[in-house]
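First up is the structure itself, then whatever we jot down about it.
The values are calculated or read from the model by the stated rules, or taken from the named source; none is laboratory data. Source: prediction; values computed, not measured. A quick note on method: Cβ atoms are made from the backbone with ideal geometry, for glycine too, and the neighbour counts reach across all protein chains shown.
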């Protein structure tokens, strides 16, 4: 980037999302050009999330963030709870500690199939009113 018309002794502030702001004081003579090569330190990290099978919902601190595989970027330093949910599978959870300039890898290699409820037992129905035994009568006279 080229900037012109900077007064001698003025400070320049360089900002970029997820990087530390850098402030420098310009010390040049009039009609002089100065080239600066500034390296900004990252102030955010990321979490890369994969699962087997893919396509699980990713929740970060209970907020839906997307589906696997995905990279959750521009995260401030801190600890995050990652949950994966997919129909037919048990919920999977882990904790990720994010540090500036680093990417945390979260791999749910094998989501466990959900345990399905067993069908009710096949017991015979109980009769509410059992049949009355037939009585034999004879008509012998």
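Checking the condition in contact (Cβ under 8 Å) with a residue 24 or more places away in the chain and under 20 Å from the mean Cα position of the chain (by Cα), which residue from 112, 99, 16 passes?
Going through 112, 99, 16 in turn, the sole match is 99.
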**Complete:** Scanning the range 31-67 for residues that are under 11 Å from the mean Cα position of the chain (by Cα) and under 16 Å from residue 101 (Cβ atoms), the one surrounded by the fewest Cβ atoms within 10 Å (Cβ to Cβ) turns out to be 48
**Asked** Right, residue 121: at pLDDT below 60, farther than 14 Å from residue 49 by Cα and in a loop (DSSP other than H, G, I, E, B) or not?
**Response** no
